[in-house]
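Contents: one structure, followed by commentary.
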Amino acid sequence: MDRAIFHVDMDAFYAACEISRNPELKGKPVIIGADPKEGVGRGVVMTCSYEARKYGVRSGMPISQAFKICPNGTYLRPDMKFYMSISSRVMDVLRSYADVEDNSFEREEEKVSEPECKFEQWGLDEAFIDVTKGVLGYANPIDLARKIKEDIFNLLNLTCSIGIGPNKQVAKIASAYQKPDGITYIPPEKVREFLDPLPVDKIMGIGPKTKSALEELGIKTIEELADYSTGDLNERFGKMGVYLSNIARGVDNSPVRSKHERKSIGSEITFERDIQDFEIIYKTLNLLADKLYKDLLSKKLQYRTIEIKIRFEGFATYIRQQKLPVPLKDKRVALEVGKKLLKEFEFDKRKVRLLGFRFKDLFKNSFVQKTLFDF
Ligand code: TTP
Ligand code: MG
């Protein structure tokens, strides 16, 4: 069965966030980035509203150049905290539409993870969702895309563009196809027609290096890539060559999967004065463990990997970690492992400046129990 993958990308994201909290800026050229200082400022444009793009302003352009071509624009410094808070609200909406994974056991290395929804965030303003089941409730995938756009607009006054395709690569290319405020739907039978004329670097993963290497073989368009012998691509690029060849032919089976949302819980302390006495270091580890453990309990999580970080005077920093056979929520074990990992540094002549402790590979309690008993 063909999948229905959506790639959602917010329009002029940072600029749109600013406009959403200051409607007077609506319809005006708004540029986010370094201070232009009347044209002598250093630094670059991070993004700009589509009105500013009409003047030729672009992401990555020196801010001084932007000021030259668009002197009447509104120039703002980025407010990352604000953009992150808006981003997480956008992602909540998108996540709510994603299909839920049927079988979370299929991934060997993550046997005890929770069933997850098929949502994958990419950066602050874009995400993939697998809505293969979700679209079944709609006459057309475009109707679902409209619904999602409406939800985001009603909640946050922001527009986005959505690409719909049978795989991530196609969806990603499609979302950029009609920007801003667009929906581009590429049904499976139209994939080749859509991809063929595009330059190869539209494919995620083909950067300038691969692009010029392909050019040497006479490959410029995706069609030329699709027609090239897979065997030869394999010889030249290895596995990557086969992967790219498949993508050019419209085949990309990579799943939409959330990277672990909370990858770890950690804490660190920089000592007011550098410490030589390892008794103090161990006591500090104890304090850090208490803190992490509280956090772990309140979030109903278990850890599988323990990591310590130690920094000496002069800034030399070392990280050591150990993965346990099963996830645990036991503070004593964490502390023992932490101490064991620190032993290596006990007789170091340098004084210690910073100590960090971290629980990694986190899993939900309920799921760990169920799974451990099941196996
Ligand atoms: P993009 O999605 O590439 O750009 P955009 O959302 O501003 O515009 P659109 O998608 O409509 O073309 O990037 C998302 C945000 O990432 C963007 O708002 C600002 C930031 N960004 C930078 O800081 N530097 C950059 O070079 C780029 C491209 C983006
Ligand atoms: Mg964007």
- Item | Residues satisfying the stated conditions in the stretch 282-308, i.e. within 26 Å of the chain's Cα centre (by Cα) and of a type in the set (D, E) | D295, E307
- Task: Identify, by number, the condition in (1) touching a Pro at 6+ places or on another chain (Cβ under 6 Å); (2) part of a strand (DSSP E or B); (3) more than 10 Å from ligand 1 (Cβ to nearest atom) that I32 doesn't meet.
- Result: (3)
- Candidate set from the stretch 1-29 (those that are exposed (fewer than 14 other Cβ atoms within 10 Å of the Cβ) and within 30 Å of A98 (Cβ to Cβ)); member that is farthest from ligand 1 (Cβ to nearest atom): M1
- Report yes if G241 is buried (at least 17 other Cβ atoms within 10 Å of the Cβ) and part of a helix (DSSP H, G or I), otherwise no. yes
- Query: Restricting attention to the stretch 92-134, which residues are touching a strand residue (DSSP E or B) at 6+ places or on another chain (Cβ under 6 Å), modelled with pLDDT under 70 and among the acidic types (D, E)?
  - Reply: E114
- Message: Kindly evaluate A289 against the criterion of being surrounded by 15 or more Cβ atoms within 10 Å (Cβ to Cβ) and over 30 Å from K118 (Cα atoms).
- Response: yes
- Task: Would you mention how many residues in the stretch 48-92 are more than 16 Å from ligand 2 (Cβ to nearest atom), touching a Leu at 6+ places or on another chain (Cβ under 8 Å) and either assigned to a helix (DSSP H, G or I) or under 20 Å from I162 (Cβ atoms) (or both)?
- Result: 0
- Item | From G205, G266, G250, residue being in contact with a helix residue (DSSP H, G or I) (Cβ under 8 Å, 6 or more places away or on another chain) and closer than 30 Å to L335 by Cβ | G266
- Task: Please tell me if T47 is modelled with pLDDT of 95 or more and buried (at least 21 other Cβ atoms within 10 Å of the Cβ).
- Result: yes
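The values are calculated or read from the model by the stated rules, or taken from the named source; none is laboratory data. As the structure is a computational prediction, the values presented were derived from the model and not from experiment. Cβ coordinates were reconstructed from backbone atoms using ideal geometry, including for glycine residues, and neighbour counts include every protein chain displayed.
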